[in-house]
1. Taking segment 1-43, which residues are over 15 Å from the mean Cα position of the chain (by Cα), closer than 23 Å to residue 86 by Cβ and in a helix (DSSP H, G or I)?
2. Which of the helices (runs of 4 or more DSSP H) found entirely inside segment 49-145 contain at least 3 residues meeting this: of a type in the set (A, V, I, L, M, F, W, C) and open to solvent by 70 Å² or more (accessible area, probe 1.4 Å)?
3. Please specify each residue of segment 117-145 satisfying the condition of being among the hydroxyl-bearing types (Ser, Thr, Tyr) and closer than 18 Å to residue 84 by Cβ.
4. Read through the list (1) under 30 Å from residue 139 (Cβ atoms); (2) touching a residue at least 60 places away in the same chain (Cβ under 8 Å), then give the number of the only condition that residue 53 fails.
5. Restricting the first residue to segment 92-115 and requiring it to be closer than 15 Å to residue 42 by Cα and aliphatic (A, V, I, L, M), which pairs with a second residue that is surrounded by 19 or more Cβ atoms within 10 Å (Cβ to Cβ) and modelled with pLDDT under 95 meet a Cβ separation below 8 Å and a spacing of at least six or different chains?
6. Here are 121, 102: which of them is more than 16 Å from residue 25 (Cα to Cα) and of a type in the set (A, V, I, L, M, F, W, C)?
Amino acid sequence: SVASELIEARLFIEVGATELAVSRATEEDINLMNELVKQMAELVKKGDIETYTEKNLAFHFLIAKAARNRFFPHLMATIRGFMEQWMLESVRVLPGLLQRSVNSHAAIFQAIRERNTRKAVLSMKKHIVDLRTSFDQYYNVERKR
């Protein structure tokens, strides 16, 4: 399915981008990530899913940019529409996903700020695998309707 292929693609693109971002992110990148993580936490409290999704995408694009490889932002741009659609749909139907998402992004950010490659890569991998689990739950919910 499109969603499972999207998750597969994200595992390769984003885990790789994260690995590079750990050593290549500038102070400005890190400050922007921090700002986005804070905003995301606020938006979850407000229940503003649309703006949350925008900030979520911005966070993932910032990591691609922080990798300092001109091809990563292009790869992300290619899957952006699919990511956005999936983010909006999944958080509406899966309780708890939003809060887990906030925690995941905070963990990814902390690891990049600490310049901890292993932790950053594991956090991004865990985040995307969590989406795969959520995706399976989502389709089970859909099938039962």
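The values are calculated or read from the model by the stated rules, or taken from the named source; none is laboratory data. Please read these numbers as outputs of a predicted model, since none were measured by experiment. Here Cβ is always computed from backbone atoms with ideal geometry, including for glycine, and neighbour counts include all displayed protein chains. Surface areas here come from the heavy atoms of the whole protein model, side chains and all, with no ligands, DNA or RNA. Shrake-Rupley method; radii C 1.70, N 1.55, O 1.52, S 1.80 Å.
1. 2, 4, 5, 42, 43
2. Passing ranges, in order: 71-93.
3. 134, 138
4. (2)
5. 98/91
6. Details: 121 fails: more than 16 Å from residue 25 (Cα to Cα).
Answer to the check: 102.
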